[in-house]
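Remarks on the structure that follows.
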Amino acid sequence: MKRKVFIRYSSQKAEEPILASVIKESGLLVNILYANITGKGGEILISFDASEAEMDRILTLFREKGVEVWETERTIELDRELCFDCGACISVCPTKALRLNQDFSLELNEEKCICCEVCVSMCPVRALRISSKL
Amino acid sequence: MTEVKKTIEYINERIRSGDAVVVTAEEMVQIVKEKGSVKAAREVDVVTTGTFGAMCSSGAFLNFGHSDPPIKFGGGEIYLNDVPAYAGLAAVDTYIGATSMSVSRGMEYGGGHVIEDLVRGREVVLRGRGYSTDCYPRKEIETVITIEDLNQAILCSPRNAYQRYRAAANSRDETIYTYMGMLLPNFGNVTFSGAGVLSPLTKDPTYETIGIGTRIFLGGGKGYIFWEGTQHDPKRGLGTIAVVGDLKQMKPRYLRGCTIHRYGTSLYVGLGVPIPILNERIAQSAGLDETQIKTEVLDYGVPRRDRPVLREVSYAELRSGEIELAGKSVPVSPLGSFKLAREIALTLKEWIERGEFLLSQPLQRLPSDSVCRPMKQAEVTPLVRDVMTKEVITGRADYPIAEAAKILREKNIDHLPIVDEKGKLIGIVTSWDIATSIGTKKNRLSEVMTTRVITAHEDEPVDFVARTLEKHKISGVPVVNSGMEVKGILTSEDISRLLGRRKK
Ligand code: SF4
Ligand code: SF4
């Protein structure tokens, strides 16, 4: 099953190759969906295929290295009240998660969305937002 | 000569008696296809159009009424929710333009948002300053108003509803942020605006029925065309209209403030024009389908007024969501809402069918032979080749750092482009790179040089390079030809020298 994990780095941990060593130790194939790390710490969103048991092991590996980590359902949210179905967001989406349907209304396919946030800034009326159900 | 001849008066009679046949431009496509233009002209009285897109040349005149003691904003300053409004009219009149930006929130909130908030009936903070006169003694005021409190609120825009518009793509190796939205590097996406089959001026491209006094759907209320739009360019199929209407009657669904990321603020405007089908010629153009409506894809990666045309394209291709460009299939985004354009055409159709909206006889047609000229500039656009230093001192990757330090010091320069044995640019070293390498174990230039070099070309305008320097926070760029051979160097000093000369 595709799982998403959110890792928060403190400023002391930002310089350490934590993700790289977890990947090495677990042999996990990881997809980095979002990363924003500076000297002051930051966040990374990754996704991978894992069973329940594997998931526990991976979370433990991260925790042992001293970062905050949790499984997340962080998704992109479309505010239907604000969206006027222009379609500006469609062509910047790397995974074709956004499209106009038959009657020219915007459709967001949450299955395909990787939370890259690119569409958020393309939307002229801020109808797309990252929601963190943390 | 035409076979069918109807007048606007005759059509209005039919609207009044409830007999008028009104269809949207989308429906008209089918009718003309099936019956031909003569029969279509006999049967159909009015074709309704619609468009909903960002129109930057939009704004509104507002009148606040007088305070006590009175204040004269004219010659002073006016802010609406911190967005500067024009203070060059009389005491308490202003014009708020869509692209004016908040002094506190920047691009997140602008004149377009103020107009939307007014239409929504929300409270807006009015802050203003005057210089005090014997008749207007007051110097400052801060108050809260809603649209109800205004004597007049008149949407009045010098340029709306472009007949068609160019689609945009980007050849550069970096994402650029334009009024056509975010354009991904290396032709990563295409954006376009205009409502295609529903686009008002496209449906009467010689303006046989459109002109001063034409009554239209504007922002959810009724409005009028009061002049040709600015930059009206009929010969190239780029006509525009200037429109006016009572903001108090308008609806927030059809007037939306917006932020175009890293570009600025604007206003999305919903607008629809009824086209009376007076003859088969008009029936023909009102029935054009999207394969017949063409535009060009321009390269917005080239920061010049005349951008290169990448290809011709029909609105049907753009609407499909993907087009071929530079040998690959590229995703396409509309910028305007086709769904709302359709809704506007349908609303206008209903208004006319119910007899609530009569057509007006234009007092004067829009010009169909004028041209839009470029700005007259006092100086020729300076190009990189005119300003750059041509005698460039270059280095090699295997030079010792100490030697490069000596060169920079002796020649009093800050940038050392690094070339390979064939003279091709492979990197750059600045005096900063050298200064920060002192005390480290590094000793060859290859260890300190930047290999992803930002460059300029000889035929680029200097203003463009100035923006590149600012954007990447660097102080100079090597100038290269298409073979990456170094032809010169351009530094921020060279540019400020030029700008200094300009100011004199
Ligand atoms: S965040 Fe937006 S652009 Fe990114 S994948 Fe999801 S829908 Fe597409
Ligand atoms: S850009 Fe915003 S308003 Fe336009 S379709 Fe996408 S979410 Fe909706």
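The values are calculated or read from the model by the stated rules, or taken from the named source; none is laboratory data. Keep in mind the model is a prediction, meaning the values are calculated, not measured. Ideal geometry is used to build each Cβ from the backbone, glycine not excepted, and the neighbour counts take in all protein chains shown. When the accessible area is computed, the model is the full protein with side chains, heavy atoms only, and any ligands, DNA or RNA have been set aside. Shrake-Rupley method; radii C 1.70, N 1.55, O 1.52, S 1.80 Å.
The figures follow:
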read-out	value
Qualifying residues in the range B:452-467 (those that are in contact with a helix residue (DSSP H, G or I) (Cβ under 8 Å, 6 or more places away or on another chain) and assigned to a loop (DSSP other than H, G, I, E, B)) - the one surrounded by the most Cβ atoms within 10 Å (Cβ to Cβ)	B:Glu460
Only listed residue being farther than 30 Å from B:Glu116 by Cβ, open to solvent by 20 Å² or more (accessible area, probe 1.4 Å) and assigned to a loop (DSSP other than H, G, I, E, B), chosen from A:Lys13, A:Lys4, A:Lys24	A:Lys13
Qualifying positions in the range A:73-108 - away from ligand 1 (no atom under 14 Å from the Cβ) and among the polar types (S, T, N, Q)	A:Asn101, A:Gln102, A:Ser105
Residues (open to solvent by 10 Å² or more (accessible area, probe 1.4 Å), among the charged types (D, E, K, R) and farther than 17 Å from B:Thr48 by Cβ) located in the range B:220-252	B:Glu228, B:Lys235, B:Arg236, B:Asp246, B:Lys248, B:Lys251
Residues of the range B:199-217 classified as over 22 Å from B:Val29 (Cα atoms) and either within 19 Å of the chain's Cα centre (by Cα) or of a type in the set (Lys, Arg) (or both), total	1
Residue list for the range B:270-298, restricted to those being of a type in the set (Val, Ile, Thr) and either open to solvent by 10 Å² or more (accessible area, probe 1.4 Å) or out of contact with any Lys or Arg (no Cβ under 6 Å at 6 or more places or on another chain) (or both)	B:Val273, B:Ile277, B:Ile282, B:Thr291, B:Ile293
From B:Glu447, B:Glu410, B:Glu421, B:Glu403, residue being in the same structural domain as B:Gly476 (by TED's automatic domain parsing), open to solvent by 80 Å² or more (accessible area, probe 1.4 Å) and not in a helix (DSSP H, G or I)	B:Glu421
Qualifying residue in the range B:129-137 (condition: of a type in the set (Asp, Glu) and not assigned by TED's automatic domain parsing to the domain that holds B:Lys339)	yes
Extreme residue, nearest to A:Ala20 (Cα to Cα), among residues of the range A:59-69 that are outside any loop (DSSP other than H, G, I, E, B) and in contact with a strand residue (DSSP E or B) (Cβ under 7 Å, 6 or more places away or on another chain)	A:Phe62
Options B:Phe217, B:Phe192: the member that is hydrophobic (A, V, I, L, M, F, W, C), away from chain A (no Cβ under 14 Å) and open to solvent by less than 10 Å² (accessible area, probe 1.4 Å)	B:Phe217
Contacts under 7 angstrom Cβ, first residue in the range B:471-488 being more than 18 Å from B:Asp459 (Cβ to Cβ), partner open to solvent by less than 40 Å² (accessible area, probe 1.4 Å) and part of a strand (DSSP E or B), 6 or more apart	B:Ser475/B:Thr491; B:Gly476/B:His415; B:Gly476/B:Ile489; B:Gly476/B:Leu490; B:Gly476/B:Thr491
Condition met for B:Leu89 (assigned to a loop (DSSP other than H, G, I, E, B) and touching a strand residue (DSSP E or B) at 6+ places or on another chain (Cβ under 8 Å))	yes
Residue that is nearest to the chain's Cα centre (by Cα), among those in the range B:132-164 that are part of a loop (DSSP other than H, G, I, E, B), crowded, with 19+ Cβ neighbours inside 10 Å and of a type in the set (Ser, Thr, Tyr)	B:Tyr162
Single condition A:Ser10 does not satisfy, out of (1) at pLDDT 80 or above; (2) over 29 Å from A:Cys93 (Cβ atoms); (3) more than 17 Å from the chain's Cα centre (by Cα)	(1)
Among residues of the range B:334-364, those that are within 14 Å of another protein chain (Cβ to nearest Cβ) and among the β-branched types (Val, Ile, Thr), counted	1
Residue in the range B:351-371 that is in the same structural domain as B:Val190 (by TED's automatic domain parsing), open to solvent by 50 Å² or more (accessible area, probe 1.4 Å) and free of Cβ contacts under 8 Å to residues at least 60 places away in the same chain present	yes
Single residue of the range B:106-131 satisfying the filter (open to solvent by less than 40 Å² (accessible area, probe 1.4 Å) and in a strand (DSSP E or B)) that is farthest from B:Ile260 (Cα to Cα)	B:Gly128
The range A:40-94 - residue that is away from every other protein chain (no Cβ under 14 Å) and within 16 Å of ligand 2 (Cβ to nearest atom) and, of those, nearest to B:Val269 (Cα to Cα)	A:Leu78
Conditions (1) crowded, with 23+ Cβ neighbours inside 10 Å; (2) farther than 13 Å from B:Ser337 by Cα; (3) over 14 Å from the mean Cα position of the chain (by Cα): number failed by A:Lys96	(1)
Condition check for B:Pro331: within 14 Å of chain A (Cβ to nearest Cβ) and either assigned to a strand (DSSP E or B) or at pLDDT below 95 (or both)	yes
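One line per residue, one yes/no per condition, for (1) modelled with pLDDT of 90 or more; (2) farther than 19 Å from B:Arg304 by Cβ:
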residue	(1), (2)
B:His415	yes, yes
B:Ile438	no, yes
B:His457	yes, no
B:His472	no, yes
B:Pro478	yes, yes
B:Gly488	yes, yes
B:Thr491	yes, yes
B:Arg501	no, yes
